[in-house]
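The structure under discussion appears below in the form of structure tokens.
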Amino acid sequence: MRRTVWLVLAVGAASLAFAFQWPTEGPPYAYGFGSFRDGFLKGVEFDAADGQVRAIADGEVVFSYTGSRLPGGYPVSGGGLEVLSHHSGMMSVYAGLSPRPLGADRMVKAGSPIGSASPVEKGARGALLFVYDTQERRFVNPVMVMEKKADDKPPAIRGAAFVVDGREVPLVSSTELRQGSWFLLVDAVDASPSGQASPPFELRVLVDGSERARVLYDASWSKDGASYAFTENPTEERGYLMPDGRVRFGPLQLARGKSVVTVTVADYAGNRRESSWVLSVQ
Amino acid sequence: MDDQSRRGTTITILATGLSLVAYFFALAEPLSTELTAMPRWVVPLASGQGTASAGTRIPFSAGDLFGYFAEDGSVFFMNSAPGGAAVADGAYATLADARLYRLGKPEAVGLAGLPFFDSGALYSGLADGTGLNAYDADGALKWTYRFPCLLSATAGSPGLWVGGTVDGWLEGVDADGKRAFSFSPGGSRISVILGLAVSPSGRWIAAISGLDRQRLVILGRGGTDFRVASHRYLDSDYRGPTPVSFLDDEGYALYLRPDGIGVWSVDGRTDDLLPVKADGFTVSMDEGTGVAYLVARKGDESELVAFKPPARVLGRIALPRNLEYLRMSGSTLYFFADKRLARVDFWQE
């Protein structure tokens with residue numbers, strides 16, 4: 001708990017002191033932190049419509065490479081990688097761009113071009129931006145440290161379903177279920193300001209008014225080869241994020257009788273939405 | 001000429017004579033050994049070739065072209081695919097569509113991520129650059145390992161794969177996908193891993209790390225863990241992938257430095273230099289003769305340097321420009337340039 005508080009304070013302080021700039025003009029990103037992009041996206045995926053990718057803050061070039069593979073054969077996403085170290089202890093990593101040739105001065109200014117990326121064709125992958133906390137060794141949701149974009153649209157809850165042993169029961173206004181242990185699948189998206197289907201910043205699940213799960217899309221990290229997210233309630237990403245983009249909570253114990261399941265979602269700007277379903281548990 | 005200058009000349013002649021005696025008897029090391037390069041064959045390569053051949057199949061990949069050839073220059077199989085293929089002894093994987101083709105088996109197997117081979121084992125990288133998938137010989141996923149940060153250098157040996165991250169950590173993964181060790185060289189103003197090599201036996205790891213100042217760090221296996229065996233600070237200021245490699249006898253690590261190729265013994269007792277200008281290099285050793293062959297690249301030019309470790313140069317020859325493929329086996333060099341594959345053998349007379 002104390003660790004969580006320190007991280008939130010550290011990131012909050014960093015965001016106040018160093019409000020990073022988005023790397024492109026126009027929409028800040030296409031896919032947000034936590035989107036399913038061959039797994040849990042640990043940064044944001046963006047489209048450099050004008051081809052220019054800019055430094056998000058003053059920093060120093062730590063690593064710059066244009067090539068499809070590292071010397072050991074490991075592939076480089078999008079064929080280019082640029083890493084900047086910032087005074088705040090944060091690192092910004094840009095993948096899928098062609099870095100500018102390094103000059104004698106390895107220092108860059110916020111907003112200065114650091115490379116180019118091709119505009120993204122429909123269905124193709126864009127360039128990636130990761131914000132990495134070198135002290136905590138974890139990826140931080142970029143929206144927490146970047147300039148805030150105007151956003152008055154709440155996220156959408158497109159649906160929810162209970163699932164057990166491969167059997168899926170979509171939640172409608174009144175749903176009948178047998179008692180026992182169920183997983184809840186939630187389909188919730190935030191299309192603003194990304195313009196695409198990114199996950200909301202906060203997701204809560206309540207059963208009969210009692211909070212049963214809460215995740216805050218603040219950070220992602222790896223330990224012993226496994227990948228986790230959410231500082232407050234660490235969750236292994238593999239069992240949480242489904243390939244179709246839905247997220248899974250549970251198992252939730254449902255007792256016989258009437259129950260109300262409520263899902264609330266919020267974006268980073270604080271816009272909220274809530275949906276509830278009445279269950280008849282047999 | 002007066003007496004004083006005559007005495008000086010005599011002393012000079014005597015000193016020179018004594019030096020020569022000392023050289024031949026005290027420093028009895030032969031001068032340059034005659035190294036001969038013998039071209040064996042040149043064959044044009046094109047997609048669609050395929051003639052059965054006896055002998056060892058040697059994997060080949062250059063640009064979109066890939067396949068197998070034999071030591072005698074006969075082409076076993078040659079094909080092309082957009083983006084090319086990763087090729088190993090018994091299988092190849094096309095890169096654009098991530099499909100595995102096993103020699104002798106007609107069906108292809110789909111893979112997740114971007115495939116590559118390391119020490120004969122099949123892996124793929126996760127699209128975000130933070131993870132590794134490992135497969136068995138039939139392309140079935142064995143395990144997935146997620147690293148804490150993006151990878152900037154990687155290397156492997158049978159049973160050990162090591163990832164170096166942009167935040168300056170080394171993390172080793174064993175054959176079962178379990179973490180073998182984790183280590184941060186540190187010691188620099190900014191941590192980053194720029195170069196990485198694992199010795200053939202997996203006993204030694206070499207890393208180029210950090211900015212201001214950069215370091216070469218050698219880790220040695222001690223029980224189940226790795227610990228620092230030797231290190232040295234470097235004068236370089238590289239900001240991208242930096243080649244480092246072990247000689248096959250595992251006694252020395254070679255690394256790129258601004259004034260040539262450094263030769264560093266794993267115990268830290270030898271710090272020598274091969275006077276070779278390069279952006280990158282590959283090195284191989286003929287353990288039968290004890291001669292090492294280094295192919296140094298600078299821009300589109302390459303040269304082969306034969307040397308006795310640690311750094312006694314035996315000879316050097318320029319190689320064709322724009323080399324696209326290179327493989328050393330003992331004292332035999334195979335290379336591909338201008339759509340032609342060639343073999344050259346070296347021997348000492």
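For (1) outside any strand (DSSP E or B); (2) out of contact with any Ser or Thr (no Cβ under 8 Å at 6 or more places or on another chain); (3) away from every other protein chain (no Cβ under 14 Å), each residue gets a yes or a no:
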{"site": "B:201", "(1), (2), (3)": "yes, no, yes"}
{"site": "B:207", "(1), (2), (3)": "no, yes, no"}
{"site": "B:217", "(1), (2), (3)": "no, no, yes"}
{"site": "B:220", "(1), (2), (3)": "no, yes, yes"}
{"site": "B:228", "(1), (2), (3)": "no, yes, yes"}
{"site": "B:241", "(1), (2), (3)": "yes, no, no"}
{"site": "B:256", "(1), (2), (3)": "no, no, no"}
{"site": "B:262", "(1), (2), (3)": "no, yes, yes"}
{"site": "B:268", "(1), (2), (3)": "yes, no, yes"}
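A quick yes/no check of all residues on (1) without any contact (Cβ under 8 Å) to a residue 40 or more places away in the chain; (2) within 8 Å of chain A (Cβ to nearest Cβ); (3) of a type in the set (Phe, Trp, Tyr):
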{"residue": "B:97", "(1), (2), (3)": "yes, no, no"}
{"residue": "B:134", "(1), (2), (3)": "no, no, no"}
{"residue": "B:137", "(1), (2), (3)": "no, no, no"}
{"residue": "B:142", "(1), (2), (3)": "yes, no, no"}
{"residue": "B:145", "(1), (2), (3)": "yes, yes, yes"}
{"residue": "B:152", "(1), (2), (3)": "no, yes, no"}
**OP:** Identify the single condition in (1) surrounded by 14 or more Cβ atoms within 10 Å (Cβ to Cβ); (2) at pLDDT 95 or above that residue B:346 does not satisfy, given that it satisfies every other one.
**Re:** (2)
**OP:** Would you check which residues across segment A:38-58 are surrounded by fewer than 19 Cβ atoms within 10 Å (Cβ to Cβ) and either in a loop (DSSP other than H, G, I, E, B) or at pLDDT 95 or above (or both) and list them?
**Re:** A:38, A:49, A:50, A:51, A:58
Original post:
Given the conditions (1) modelled with pLDDT of 95 or more; (2) within 21 Å of residue A:37 (Cβ to Cβ), which single one is not true for residue A:206?
Top reply: (2)
**OP:** Looking only at segment A:211-230, count how many residues are assigned to a strand (DSSP E or B), surrounded by 16 or more Cβ atoms within 10 Å (Cβ to Cβ) and free of Cβ contacts under 8 Å to residues at least 40 places away in the same chain.
**Re:** 6
Original post:
Take the residues of segment A:231-282 that are assigned to a loop (DSSP other than H, G, I, E, B) and of a type in the set (S, T, N, Q): which is nearest to the chain's Cα centre (by Cα)?
Top reply: A:231
Original post:
Going by the conditions given, is residue B:195 in a loop (DSSP other than H, G, I, E, B), of a type outside the set (Asp, Glu), facing chain A (nearest Cβ under 9 Å) and within 22 Å of the chain's Cα centre (by Cα)?
Top reply: no
Subject >> Subset tally (residues that are within 22 Å of residue B:70 (Cβ to Cβ) and surrounded by fewer than 17 Cβ atoms within 10 Å (Cβ to Cβ)) for segment B:290-323 >> reply: 1
Original post:
Can you pull out the residues in segment A:67-81 that are within 10 Å of another protein chain (Cβ to nearest Cβ) and not in a loop (DSSP other than H, G, I, E, B)?
Top reply: A:69, A:75, A:77, A:78, A:81
Original post:
Within segment A:116-152, restricting attention to residues that are away from every other protein chain (no Cβ under 13 Å) and assigned to a strand (DSSP E or B), which residue is modelled with the highest pLDDT?
Top reply: A:146
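The values are calculated or read from the model by the stated rules, or taken from the named source; none is laboratory data. Note that this is a predicted model, so its numbers are computed, not measured. Here Cβ is always computed from backbone atoms with ideal geometry, including for glycine, and neighbour counts include all displayed protein chains.
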